[in-house]
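J.: Please see the structure below; I have some questions.
The values are calculated or read from the model by the stated rules, or taken from the named source; none is laboratory data. Predicted model, so just to flag it, every value in this text is computed and none were measured. So basically every Cβ, Gly included, is an ideal-geometry build from the backbone, and we count neighbours across all protein chains shown.
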There are 4 protein chains.
Amino acid sequence: MRAREGISAATTWLGIVLVSAERGEAVLTMATRPEMTNRQDVVHGGFIAALADTAMGWALSSTLPDGERHYSFDLKLSFIAAARIGEGLRAVARVLHRGHRTGVADCRVVGEEGRLVATATASFFIRQQVGNNE
Amino acid sequence: MRAREGISAATTWLGIVLVSAERGEAVLTMATRPEMTNRQDVVHGGFIAALADTAMGWALSSTLPDGERHYSFDLKLSFIAAARIGEGLRAVARVLHRGHRTGVADCRVVGEEGRLVATATASFFIRQQVGNNE
Amino acid sequence: MRAREGISAATTWLGIVLVSAERGEAVLTMATRPEMTNRQDVVHGGFIAALADTAMGWALSSTLPDGERHYSFDLKLSFIAAARIGEGLRAVARVLHRGHRTGVADCRVVGEEGRLVATATASFFIRQQVGNNE
Amino acid sequence: MRAREGISAATTWLGIVLVSAERGEAVLTMATRPEMTNRQDVVHGGFIAALADTAMGWALSSTLPDGERHYSFDLKLSFIAAARIGEGLRAVARVLHRGHRTGVADCRVVGEEGRLVATATASFFIRQQVGNNE
């Protein structure tokens, strides 16, 4: 149950649930709530970024042996449609490249009725020890 | 006190404080806390994304007349150094371009002792009515 | 033969060939040559960017009625492996989102033996008249 | 005359001229020409990408000891205004971060009368041996 062990304080706080993560693909959900409301009365883009970043991280993790860590180096989102407060979001991420030292993944975030809310890509470093990017 | 009126539920929840926003520049702070911890025991990148996105939105807002809204369309982050839990973060955003229909901003997120944690850019649509991107 | 009419001076100069563009997907090729050599003796990333940008533009064009124009607003590339001088490159682009005013596409650029050279995404404005972004 | 030695076939072909590169900042120019025309009769974004990528590479090079190489890993552009064919472009790049293994730079591309044409950011790997990203 590697996935379950890996759930972090951040994802618990945000209500992110890991549905599956294997062979370079990950599916996660997030139930949006009133605390996530931005100035336009929809879900703040930062939470969508958090969901997508987490999903891509899990997709990459699923391709790595135990003990190897990854660090996202860049994260890019395209916000396509607003997410309504209370709406359930679903992120589907997959690995596009997994090398010895780097990885690239992309992600789709969809709302109810399958409406596309955002797309994302991320680049990762892969390494064995814990630390920051430098 | 336009800035104060504009504080949202999301930024309150995240502990984001607006220090200043005028003439295309905005400064915001965020006190990181244990709920923001990721699987590597540092601040989850999603919260850094939320801070940067908010700061760039405020920088752009400061250049717009009342009644004009903006919607971020893309958001790009480069994560440079990990942010430690408990560390205070500061985001400084500025507008690079403000046209009739689009805007572009960038942002630096720094930690304690001025350590560069992340850089970001965002693109915005500008328009008068409320709605999603389409 | 809309595709053929649309071939530009730039794509001709770069040796970019449109293989197909329909229903939101486009395939293009580019034969790299010595003039494209960078300081590391491989293909300069700018040409890979040009190929990907062109492919995503064609994918989007294939979804638009005649007379509607599109303008790329942002372009993001992840360079995964070097492309060798002389190597034939192939770009496969597809539309992820096509709304009334905006579009989002992604692209994979592969080299010989199917090696993944780069991935890309782009955002577009869609409109009817000619002009720049503002 | 390190700068001069480093001029590549690609930059010569594109008409890119290195004006200066020192202490993390680089200035380059490019004279656009008819071969660079896209389907909208303005400069193809790929050439602007090539100019910006080159400028950020030179900015980073200027901070590295001889023998250290860098490889761009991601490149992100925001296209703000069209560049006219024949217009002279100028790119000003600067390093935002230079660590032991990674670097981040940004760039502004301006046209005549100082009109902002594009902004860009790039991430780099830094290492001593020649090779591709993996």
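J.: Being touching a Lys or Arg at 6+ places or on another chain (Cβ under 9 Å) and hydrophobic (A, V, I, L, M, F, W, C) is the filter; apply it to the range B:56-67 and report the residue that is modelled with the lowest pLDDT.
T.: Applying the filter and picking the extreme gives B:L64.
J.: With the checklist (1) more than 10 Å from chain C (Cβ to nearest Cβ); (2) surrounded by 24 or more Cβ atoms within 10 Å (Cβ to Cβ); (3) over 20 Å from C:V43 (Cβ atoms) in hand, flag the one item D:A55 doesn't pass.
T.: (3)
J.: State which residue is modelled with the lowest pLDDT when the search covers only the range A:35-46 and only residues that are touching a helix residue (DSSP H, G or I) at 6+ places or on another chain (Cβ under 7 Å) and at the interface with another protein chain (Cβ under 7 Å from one of its Cβ atoms).
T.: A:R39
J.: Specify the residue that is nearest to B:T32 (Cα to Cα); the eligible residues are those in the range B:99-125 that are within 14 Å of chain C (Cβ to nearest Cβ), out of contact with any Phe, Trp or Tyr (no Cβ under 9 Å at 6 or more places or on another chain) and buried (at least 20 other Cβ atoms within 10 Å of the Cβ).
T.: So, considering only residues that are within 14 Å of chain C (Cβ to nearest Cβ), out of contact with any Phe, Trp or Tyr (no Cβ under 9 Å at 6 or more places or on another chain) and buried (at least 20 other Cβ atoms within 10 Å of the Cβ), the one nearest to B:T32 (Cα to Cα) is B:A120.
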